[in-house]
1. State whether one or more residues within region A:45-62 are modelled with pLDDT of 85 or more, more than 8 Å from every other protein chain (Cβ to nearest Cβ) and assigned to a loop (DSSP other than H, G, I, E, B).
2. Examine region B:62-69 for a residue that is at the interface with another protein chain (Cβ under 7 Å from one of its Cβ atoms) and in contact (Cβ under 8 Å) with a residue 12 or more places away in the chain, and state whether such a residue exists.
3. Go through region A:140-159 and give me each residue that's open to solvent by 50 Å² or more (accessible area, probe 1.4 Å) and modelled with pLDDT of 75 or more.
4. Would you mention how many residues in region B:150-180 are open to solvent by less than 50 Å² (accessible area, probe 1.4 Å), within 11 Å of another protein chain (Cβ to nearest Cβ) and over 15 Å from A:Gln43 (Cα atoms)?
5. Checking the conditions here, which among A:Ile226, A:Ile209, A:Ile180, A:Ile194 is at pLDDT below 70 and either assigned to a strand (DSSP E or B) or open to solvent by 60 Å² or more (accessible area, probe 1.4 Å) (or both)?
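The values are calculated or read from the model by the stated rules, or taken from the named source; none is laboratory data. Remember, predicted model here, so these are calculated numbers, not experimental data. Heads up, the Cβs are rebuilt from the backbone with ideal geometry, glycines too, and the neighbour counts pull from every protein chain shown. Remember, those area values only see protein heavy atoms, side chains included, never the ligands or the DNA or RNA. Shrake-Rupley method; radii C 1.70, N 1.55, O 1.52, S 1.80 Å.
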Amino acid sequence: MNCELVNKNIDELTIVDLNQPIESNLKTHVDSCESCQHALQQQLAYLHRVSTIETPELSAQSAQAMLNKVTHKNTTHENHNSGFLQGFIAASVLAVSIFGAWNVFTQSPEISPLYAIENTQQEFLTTEVTLVINVPEDMYDADLNISLPQHIALEGYDDIQELTWPVDLKAGVNTLSLPIRVNKHLSNGKPLSIMAKLYHYAEEREFEIKVDIDKIQSLQDESALITTGTNVAYSTTKQAPLNNLTVNT
Amino acid sequence: MSQILSFFGIKEKEQSFEAIISPHMNNLYKVAFQYTGTKHDAEDLLQDLLEYLFTKQKELRKIEKVKPWLMKCLHHRFIDLYRKQQRQPDIEDIDDEKVQPLFRYFDNHLQDEQSKEIFNAMNMLSADHRAVVTLHDINGYTLPELSEIMDTPLGTLKSNLHRARATLKKHIKLQPYELDVRHY
């Protein structure tokens with residue numbers, strides 16, 4: 001047996017092996033090879049040290065208190081939907097699903113004529129998008145991260161280019177919408193992308209939302225000519241969503 | 001028994017959440033402590049896990065081998081918290097003192113100097129390396145079991161274990177182990 005094989009054997013030793021006899025061929029080599037003997041001693045010493053590590057116990061009272069906390073909290077808030085998200089992004093949306101289980105698709109735009117009239121002559125385009133996330137079961141304590149490109153800002157938060165906030169997704173449809181402002185001159189009609197990431201435990205989902213400035217502009221110009229007969233979704237706001245982005249998990 | 005009861009259309013009484021989790025609380029806490037290195041963070045991690053598990057009661061009741069499943073959930077929660085910690089810069093508290101970042105400092109309540117040294121050395125490891133050392137070297141899980149728990153291929157686990165051990169050995173003073181002491 002050569003040193004390479006011995007090293008491989010040594011590497012595979014575990015705490016169980018501390019009380020087991022060393023394989024005879026391994027011992028034969030180790031007895032005659034100083035470096036392997038040293039490596040074996042180091043490995044056994046390491047295993048002995050970590051196997052005797054001091055770890056505190058959880059008292060029965062603490063365990064009960066922790067269980068009580070979670071059961072009490074969830075009983076009192078059983079029917080409380082903490083509400084998913086306060087907002088999201090805008091415009092002509094194309095999203096790409098990175099992970100197989102998450103399907104992202106877009107729906108046809110709905111335009112508010114009132115809003116479009118207000119904004120067609122301005123330097124900034126202000127609009128709003130609704131993201132719809134379908135989840136098969138509750139996803140508590142997820143994190144949503146949004147990265148904005150240089151020429152897009154959240155309405156009222158000009159200096160923030162990236163933000164992360166915790167979200168609780170309830171089983172079924174969760175919607176969020178958030179107004180954004182696009183500097184149409186600086187962007188020069190170039191396509192912009194907003195990156196969104198959703199974290200839940202060890203999983204991470206990333207999707208890209210493409211913002212087509214020209215398309216938003218043309219849609220708003222067209223809608224400015226319409227005076228009646230348009231369905232305005234989300235009538236609670238003047239800025240109706242141009243697009244809905246739906247994510248299925 | 002459950003089959004007999006279901007044959008007669010009688011439902012077996014479901015175990016309560018506490019009844020399922022209680023027997024594993026101490027073990028989960030110990031592993032959480034080994035992951036995080038402090039009592040406070042271990043309690044936070046365990047509390048987070050309990051919150052999550054409470055929402056998964058239906059799934060939990062269907063699990064045959066609860067212990068490895070709980071370990072898997074705990075591992076995911078640990079990785080998630082670690083990642084959150086990495087994303088957040090140091091936060092200043094109300095006294096304008098820097099809040100110590102999670103998973104960087106061992107617990108001063110530990111009496112054993114050697115254990116302190118090990119936890120201090122484990123702070124040098126990444127979350128994945130720390131998890132594999134904790135579960136494999138301290139708790140005796142096999143690599144195939146870890147592959148299930150950590151959703152990681154065996155080859156990657158072996159590599160991570162090798163690297164993690166190498167790092168720890170550099171930072172822990174090891175007394176030469178007397179080979180003759182062992183039983184042959």
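1. Within region A:45-62, one or more residues are modelled with pLDDT of 85 or more, more than 8 Å from every other protein chain (Cβ to nearest Cβ) and assigned to a loop (DSSP other than H, G, I, E, B).
2. To start, the set of residues in region B:62-69 that are at the interface with another protein chain (Cβ under 7 Å from one of its Cβ atoms) comprises none.
No.
3. Just the residues of region A:140-159 that are open to solvent by 50 Å² or more (accessible area, probe 1.4 Å), to begin with: A:140, A:150, A:155-159.
Scanning region A:140-159 gives a single hit, A:Gln150.
4. 3
5. Numbers: A:Ile209 fails: at pLDDT below 70; A:Ile180 fails: at pLDDT below 70; A:Ile194 fails: at pLDDT below 70.
Answer to the selection: A:Ile226.
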